[in-house]
Number of protein chains: 6
Amino acid sequence: MVYLTRVEHFNAAHRLSNESWTEEKNLEVFGKCSNPNWHGHNYEIHVTVKGEPNATTGFVFNAKTLGIIINETIIEKVDHKNLNLDVAFMKGKFTSAENLVMGIWCELKPEIEKHSVQLHCIRLYETPRIYVEYFG
Amino acid sequence: MVYLTRVEHFNAAHRLSNESWTEEKNLEVFGKCSNPNWHGHNYEIHVTVKGEPNATTGFVFNAKTLGIIINETIIEKVDHKNLNLDVAFMKGKFTSAENLVMGIWCELKPEIEKHSVQLHCIRLYETPRIYVEYFG
Amino acid sequence: MVYLTRVEHFNAAHRLSNESWTEEKNLEVFGKCSNPNWHGHNYEIHVTVKGEPNATTGFVFNAKTLGIIINETIIEKVDHKNLNLDVAFMKGKFTSAENLVMGIWCELKPEIEKHSVQLHCIRLYETPRIYVEYFG
Amino acid sequence: MVYLTRVEHFNAAHRLSNESWTEEKNLEVFGKCSNPNWHGHNYEIHVTVKGEPNATTGFVFNAKTLGIIINETIIEKVDHKNLNLDVAFMKGKFTSAENLVMGIWCELKPEIEKHSVQLHCIRLYETPRIYVEYFG
Amino acid sequence: MVYLTRVEHFNAAHRLSNESWTEEKNLEVFGKCSNPNWHGHNYEIHVTVKGEPNATTGFVFNAKTLGIIINETIIEKVDHKNLNLDVAFMKGKFTSAENLVMGIWCELKPEIEKHSVQLHCIRLYETPRIYVEYFG
Amino acid sequence: MVYLTRVEHFNAAHRLSNESWTEEKNLEVFGKCSNPNWHGHNYEIHVTVKGEPNATTGFVFNAKTLGIIINETIIEKVDHKNLNLDVAFMKGKFTSAENLVMGIWCELKPEIEKHSVQLHCIRLYETPRIYVEYFG
């Protein structure tokens, strides 16, 4: 079993807030992240697949194909978008990094597993100093 | 003459658009950056000052003091903010990286030059692959 | 289960030596790291916690709270310190990266697990090219 | 159990192609990577070993010794080399990152496990955005 | 005057050798870089242009347009190529980083200066630890 | 004129203090950096030379030779050392990054200029977020 990771990135706006809370409660829990006028990030995403290297290519998976899938399935939906307003798979969810990585997992998994490879992990950097990982 | 640089960062939302243009024209020039629902970045800022090292400290400028000035003068005004809506020194300006670095220069210069040191350069990364520099 | 990591850093001096050995033996095993006048590093620490995202926030753990815990429990005790002389939780131990990461784990675990989240891993970079990981 | 990682790098040329295929088929599968005149990379390798810290040193393994083993066993064989033509342990294999990391594992494992430590993982970056991992 | 930089990258093979020298002389001067079977790098290129921000866009130059020019003029000619064999603008030159940055400058300058902006500097990383800069 | 930069690093301990001041005054000016038991850094140094590429090599300067000079002239004197106690060229000086970069300049300049190339700039990172530059 070999693990192959491809890194992509996107830039997006978002806001953390619980609509059922007062503004004070949101500020207390989410701090500056609850700014009603939004803020944003350069997100970086690491998508890891696993499998046996193919005998005729030496590849677990073609990294170019993996890049195309990530771009068509995820990047086109989130890049230069507002995660709270513009992204169908995040509708009705808090746009925390945790929920975002789980949402991305659900979008990517069926597209990747059409091919003979398993999705193993998604790592999502919200900033260079805060990141989340999800293994399904 | 020695040059001292301190690096800080902030996360903000913004949008590029010329209000006097049609949406089509904005899309043609600014592409995805004109999304009306905003997008955002992890900005990184490098502030460079220059001067002679002080004989009693060995410092051109106290890097801790420089950090406090950058934070009080800039970071508090832009971090987790919408550059188009929330930032007084960007009012009425396109929030391109070029205009932003010039706006930051004008805010920082008087605060830094209250001390016996000159502001030399501000470098602003919008993404790890796009940055601007301004020398006044 | 989602994993959340926050990165912090500190600068410290240390020395590797076994007091029961001769200077020659120390030099043979620890090389330049045994310099009696100390050397130092910019350490970088990645603290990973795991749990289920909270239904009212979308967070596994509030990253701001995690940062406060790491700073109060670890960074204040080691930043700009001598790891051999100034740090209570390293007293009587070799200040190898391995022992340091284990010491940090023991300090952090009870503070983090007061909250409804588990400490999963600590990764400690001694230099950009040498790092250790501990999972308890 | 503590995990210790040391990072090294090497620069090499290679080419991806299946000699039993037509040039068109190679181009379709391997794209630009099948250029008959070669291309190359700055590879970065992370070698992770695991074990209990030694009571007389605080080390899982001496990082200097680990560096010497990686350099003598791997770097000298691949640095500034053509992976398809010059490297004995890759003879007859596609020089994909997957096959390369498995080949490196087989070279390194016996050399490292002469010492009282286990080889845990090798991570190999082909570019900053594509990497593979192998755990044996 | 504001300076705008865009970063791109490419992967290429090359070899350093002076054909009029013996193999021994080449080895003495160029070391491992003279391997007749080639080696290679992940090159990173920083292209800096300068000008006044445009009053209707806030841009010195559209970073998207700059990216297209760099890709069409340079990256397509050098990416996954052999710099000694495949690149017209390097024919008959040693493929040192110095000659390469000067060759890239001559290709890029007329394409960039068709627009109302000046090419200021090209920085070329051969490895993360060796880079060259050229200002014309 | 082409500029060539080579990056090296070293790990050292130091302390900032003015012996003619009280401990309180030192703490006020230098903060945690005045800890009498030292602290330390992973320093990174960028040495830039400039000149015309040589017609028989394509080099402004042989990067391997530059690396040897930096290592023999600087790294061996400062790596795993105490900058206040162990380094002859810093004796009697505050070990601020500013003074250190000027001290390194004076050591390197005559060694580099024995060759047909000029020393242009030294950039010294004390941390990833604080660096100084000196041009002589």
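For the reader, a short list of remarks on this structure follows.
- Amide H to amide H, with H built 1.01 Å from N, D:Phe59 comes under 5 Å of D:Asn54, counting only residues 5 or more places away or on other chains.
- Where only DSSP H runs of four or more residues are counted, the protein assembly as shown gives -7000 deg cm²/dmol as its mean residue ellipticity at 222 nm, each run worth -39500 (n - 2.57).
- Per residue of A:89-99, other chain Cβ atoms within 10 Å of the residue Cβ number 4 on average.
- Helices that extend 15 Å or more along their long axis by alpha-carbon positions and average at least -1.0 on the Kyte-Doolittle scale are, among the DSSP H runs of chain F, F:97-112.
- Extent along principal axes [Cα atoms of region A:1-66; Å; largest to smallest]: 60, 20, 15
- Using θ = phi - 60° in the Karplus curve 6.51 cos²θ - 1.76 cosθ + 1.60, the 3J(HN,Hα) couplings for region D:131-136 round to 9, 10, 9, 9, 10, x Hz; x is entered for Gly and Pro.
- Backbone geometry of region B:84-95 corresponds, through the Karplus equation with coefficients 6.51, -1.76 and 1.60 at θ = phi - 60°, to 3J(HN,Hα) couplings of 7, 10, 9, 10, 4, 6, 10, 4, x, 10, 5, 8 Hz, x marking Gly and Pro.
- Ranked from shortest, the separations from the 7 Å Cα-to-Cβ label point of F:Glu52 to its equivalents in the other copies are 3.7, 3.7, 6.3, 6.8, 7.4 nm.
- Spatial separation of Cα centroids for region E:56-114 and region F:69-126, in angstrom: 36 Å
- Sparse-neighbour loop sites [trypsin sites (Lys or Arg not before Pro); region F:105-136; at most 16 other C-beta within 10 Å; DSSP]: F:Lys114
- Under the Karplus curve 6.51 cos²θ - 1.76 cosθ + 1.60, θ = phi - 60°, whole-Hz ³J(HN,Hα) for region A:40-54, x wherever Gly or Pro sits: x, 8, 8, 6, 10, 10, 10, 9, 10, 10, 9, x, 8, x, 6
- q = 0.16 Å⁻¹, chain B: log10 I(q)/I(0) [Debye, one scatterer per Cα]: -0.80
- Carbon + sulfur, % of accessible area of region D:2-134 - ligands and nucleic acids excluded, 1.4 Å: 51 percent
- Heavy-atom accessible surface that B and E bury in contact, both chains counted, 1.4 Å, Å² to 100: 1700 Å²
- Spin-label pair B:Asn37/A:Ala55, simplified geometry with 7 Å Cα→Cβ offset, distance in nm: 4.9 nm
- Each other copy places its own label point for D:Pro128 at 0.5, 0.9, 1.0, 1.0, 1.2 nm from this one, sorted shortest first, where the point lies 7 Å along the Cα-to-beta carbon line.
- For A:Leu27, inter-copy label distances in nm, listed shortest first [label point 7 Å out on the Cα-Cβ vector]: 3.5, 3.9, 6.3, 6.3, 7.3
- Database remark: amide H of A:Gln118 closer than 5 angstrom to the amide H of A:Lys50 (H placed geometrically; neighbours at sequence offset of 5 or more, or on other chains; Pro and chain starts carry no H).
- Expected-Rg normalisation [2.2 N^0.38 Å, Cα atoms] applied to the protein assembly as shown: 0.95
- Residue mean of other protein chain beta carbons inside 10 Å, A:77-84: 4
- Residue and whole-Å distance for the chain E Cβ lying nearest the axis of the E-onto-D rotation are E:Gly40, 0.
The values are calculated or read from the model by the stated rules, or taken from the named source; none is laboratory data. As the structure is a prediction and not an experimental result, all values here were calculated from the model. Positions of Cβ are generated from backbone atoms using ideal geometry, with glycine treated the same way; all protein chains shown enter the neighbour counts. Just the protein is used for accessible areas: all its heavy atoms, side chains included, with ligands, DNA and RNA removed. Shrake-Rupley method; radii C 1.70, N 1.55, O 1.52, S 1.80 Å.
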